[in-house]
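Enquirer: Take a look at this one; I'll ask things after.
The values are calculated or read from the model by the stated rules, or taken from the named source; none is laboratory data. Model, not experiment: these values are computed from the prediction. All Cβ positions, glycine included, derive from the backbone under ideal geometry; neighbour counts span all protein chains shown.
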Amino acid sequence: MKSRDLFVLLGVISIVVMLIIPLPGWLLSILILLNMSLALIVILVAMNTTETLQFSVFPSLLLLLTLFRLGISVSTTRSILSEADAGGVVDTFGSFVIGDNPLVGFVVFIILVIIQFIVITKGSERVSEVAARFTLDAMPGKQMSIDADLNAGLINEQQAKERREKIENESDFYGSMDGASKFVKGDAIASIIIVIINIIFGLIIGMTQMGFSFGEAIDTYMRLTVGDGLVTQIPALLISTATGIVVTRVASDSNLSTNVSKQLLQYPTMLYIAGGTIFLLGLTPINFFLTGSIAAVLIIAAFLLSRRSNVEEPSTEEELAQEESEEMKAPENVIGLINMDPIEFEFGYGLIPLADTNQGGDLLDRVVMIRRQLAIELGLVIPVVRIRDNIQLNPNEYRLKIKGNEAAKGELLLDHYLAMSPGIEDDDLEGIDTVEPAFGLPAKWITEAVKDEAEMSGYTVVDPPSVVSTHITEVIKRHAHQLIGRQETQQLIDHLKESNPILVEEVTPEPLSVGDIQKVLAKLLREHVSIKNLPVIFETLADFSKMTTDTDLLGEYVRQALSAQITTELLHGKQQLKVITVSGEVEKLIAEHIQQTEYGSYLAMDPDTQQRVIQSVSENVENMSLQEETPVIICSPTIRMYFKQLLDRFYPHVTVLSYNEIEPTAEIQSIGVVNVA
């Protein structure tokens, strides 16, 4: 335990001891002065913070200081009633304030309590309640603002995390302050009760047990009681003032003193008016010398402030332009130009309402949901999508870039709906012929007037924001393998290491590097296999990386280990999976043309044979599409990888599986065979 932690713990224990054990007068004097010192430190810190969270310990500190002050009050009460003495500090305060009139001192004490209880404490309590309520009500809006800035690329993931934590801490702080302000209120009430007890019982004890006359008892116990009340109420007043400062503080770049002086004196003309008003008061029976002196001070201050503001006037336009030019020449500004966003969404000025929340646009919120959806489906944290307008595009045009390269584009008509054909064209439906951008289906842009007619005809009708969000989702899915690099892979490894540290240590950094693991994961994503089940993937890599470090082969082993996942995704709840099989002749032909090199293996087949195989695949895929079935080709594990390489150029979206990637419980029906024509 650190020494400072031990010091705080001992301090709390000492407070409890003060409530039980009688303390000598000299020790009480030390504790009273310590209490005043702590109160001064607290109010000075409160004045010099620039935002409330810089003093987040204040609610807990307020409780400890209140308990400390009450402990002192209990100890001094015990000493006053039992010995008619509470130390030199209490006696000095009482004698100085009371003088020759005990009643005046008592009135002064009552006024201090009223100021603290009614003015400061009551106001602080109300401000705390309102601040806590408004802070909690504003949390959802602040969270949405952070998500919007994150999607717009204005902040990164780390900055978003820090801002979310700040919002949570603010809500906790104001909630705590709402309750902590009650401590100050209770302390003021307790002080009044303690004073009354000291006076009443002091008179009784003094006259019955100590033999004091009524006058002597009044003088002694009134002096000590008022002195005790003052030495506890002055620190209490400072603490309650600090509470008011903290809860009324508005976040800024400067402390309270700077803000007060800067904002109060920012209008020198107002000082001239104030000085003139005070000078006119001197024409009344009020002392002219006094009012004239104050007016002169105000007018001189206004003159000095006016002259300083003239000196600090902004530079001319030429000077500002020169400074901007110099900044542009700085190397750090040039370095910033080479940064590239992983995903960029650009749109023409006609589509600005999509992203403008003031015009009802919800594109930023949709992008947040897309990233969450893809994280669940693919197991990959999609980078922030930078959204910006581009005047070089047509007004209704948009495009999506992946790592600086255009991956997709399309056009939207914001005042129309997109009606996708059910398969039977309705020439009577009025609209603008187009193609649905995500899946390439025939569609029409229709107006609000014919929306109901289109839905009655079986068309699927969607609004423009849904069209573009679906398009973004599908494009990111197709290019997910390009979005996972070594940095993203390391993040996934770190996440897995929190729950499976031994498994991660067995795979990396030996025998597989982060780059090797990244290639395996990218290979899976390229063929639309989710990498969410990282434990199974790493278990497989741990088993087979001892035999080979060929990432292509490791990817095949991982696919086989994920057979249950792959089968479930293909069945989509159906009982039977319809597939195209590869004939033994074709499998033998492919196996004979596999070339092994030191950099890996690849398929080296002559163009004529390739063409005949592709022709057979084309016929089977077309036949399967007519049956409204998703094309799936199944072959032996030894050639699956090479057969997929062969098809990628012509049919990149056709799924190729090996027999080992299908669960034994799945029912398979072959509706076609790939042969060499």
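Enquirer: Identify, please: which residue in the range 567-587 is out of contact with any strand residue (DSSP E or B) (no Cβ under 7 Å at 6 or more places or on another chain) and not polar (S, T, N, Q) and is, among those, surrounded by the most Cβ atoms within 10 Å (Cβ to Cβ)?
Expert: For the range 567-587, the residue satisfying everything is Glu569.
Enquirer: I've got another one for you. Which residue, of Glu598, Glu556, is modelled with pLDDT of 85 or more and on the phi < 0 side of the Ramachandran plot?
Expert: Glu556
Enquirer: Just checking: which of the helices (runs of 4 or more DSSP H) contained wholly in the range 427-512 hold 1 or more residues that are at pLDDT 90 or above?
Expert: In the range 427-512, 464-478, 480-483, 486-499, 501-507 are the helices (runs of 4 or more DSSP H) which contain 1 or more residues that are at pLDDT 90 or above.
Enquirer: So which residues in the range 639-651 are farther than 13 Å from Ile614 by Cβ and in a loop (DSSP other than H, G, I, E, B)?
Expert: Result: Ile639, single match.
Enquirer: Further, regarding this structure: Is it true that some residue in the range 200-211 is closer than 20 Å to Ile114 by Cβ, in a helix (DSSP H, G or I), within 60 Å of the chain's Cα centre (by Cα) and of a type in the set (Gly, Ala, Ser)?
Expert: No, the range 200-211 contains no residue that is closer than 20 Å to Ile114 by Cβ, in a helix (DSSP H, G or I), within 60 Å of the chain's Cα centre (by Cα) and of a type in the set (Gly, Ala, Ser).
Enquirer: Sticking with this structure for a sec: Give the range 576-610 a look and list any residue that's over 28 Å from Asp550 (Cα atoms) and under 55 Å from the mean Cα position of the chain (by Cα), or say none. Quick ask: steps written out before the conclusion?
Expert: Start the filter on the range 576-610 by keeping residues that are over 28 Å from Asp550 (Cα atoms), which leaves 576-580, 608.
Listed by number, the residues that qualify are Gln576, Leu577, Lys578, Val579, Ile580.
Enquirer: Restricting to the range 545-559, what's the tally of residues that are out of contact with any strand residue (DSSP E or B) (no Cβ under 7 Å at 6 or more places or on another chain), in a helix (DSSP H, G or I) and surrounded by fewer than 18 Cβ atoms within 10 Å (Cβ to Cβ)?
Expert: Residues meeting the conditions: 1.
Enquirer: So, one more: Return the pair list, or none, for Cβ contacts closer than 9 Å from residues in the range 152-166 that are within 18 Å of Ala355 (Cβ to Cβ) and among the hydroxyl-bearing types (Ser, Thr, Tyr) to residues that are loosely packed, with under 13 Cβ neighbours inside 10 Å and modelled with pLDDT under 75, at least 6 apart or on different chains.
Expert: Short answer, once both residue conditions are applied: none.
Enquirer: Which condition number in (1) in contact with a Lys or Arg (Cβ under 8 Å, 6 or more places away or on another chain); (2) surrounded by fewer than 16 Cβ atoms within 10 Å (Cβ to Cβ); (3) under 23 Å from Val367 (Cβ atoms) is the one that Ala407 fails?
Expert: (2)
Enquirer: Of all the helices (runs of 4 or more DSSP H) wholly in the range 296-396, which have at least 1 residues that are of a type in the set (D, E, K, R) and either at pLDDT 80 or above or not assigned by TED's automatic domain parsing to the domain that holds Val468 (or both)? Show your work before the answer.
Expert: Values: elements: 317-329, 331-335, 352-355, 363-378.
Because the criterion is at least 1 residues that are of a type in the set (D, E, K, R) and either at pLDDT 80 or above or not assigned by TED's automatic domain parsing to the domain that holds Val468 (or both), the helices (runs of 4 or more DSSP H) in the range 296-396 that meet it are 317-329, 331-335, 363-378.
Enquirer: Name the residues in the range 424-477 that are without any contact (Cβ under 8 Å) to a residue 60 or more places away in the chain and of a type in the set (Lys, Arg), would you?
Expert: Lys444, Lys451
Enquirer: Take the range 431-477 and flag every residue that is among the hydroxyl-bearing types (Ser, Thr, Tyr) and within 24 Å of Arg399 (Cβ to Cβ).
Expert: To start, the set of residues in the range 431-477 that are among the hydroxyl-bearing types (Ser, Thr, Tyr) comprises 434, 447, 457, 459-460, 466, 469-470, 473.
Listed by number, the residues that qualify are Thr434, Ser466, Ser469, Thr470, Thr473.
Enquirer: Hey, among Ser29, Ser79, Ser95, which residue is at pLDDT 80 or above and under 20 Å from Gly206 (Cα atoms)? Before the answer, list the steps.
Expert: On the way: Ser29 fails: under 20 Å from Gly206 (Cα atoms); Ser95 fails: at pLDDT 80 or above.
Only one candidate qualifies: Ser79.
Enquirer: Of all residues in the range 35-78 being in a loop (DSSP other than H, G, I, E, B) and among the β-branched types (Val, Ile, Thr), which is surrounded by the fewest Cβ atoms within 10 Å (Cβ to Cβ)?
Expert: Per the stated criteria, the residue is Val57.
A quick yes/no check of all residues on (1) among the aromatic types (Phe, Trp, Tyr); (2) assigned to a helix (DSSP H, G or I); (3) over 20 Å from Arg526 (Cβ atoms):
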site: Glu587; (1), (2), (3): no, yes, yes
site: Ser618; (1), (2), (3): no, yes, yes
site: Ser625; (1), (2), (3): no, yes, yes
site: Glu628; (1), (2), (3): no, no, yes
site: Ile633; (1), (2), (3): no, no, no
site: Leu657; (1), (2), (3): no, no, no
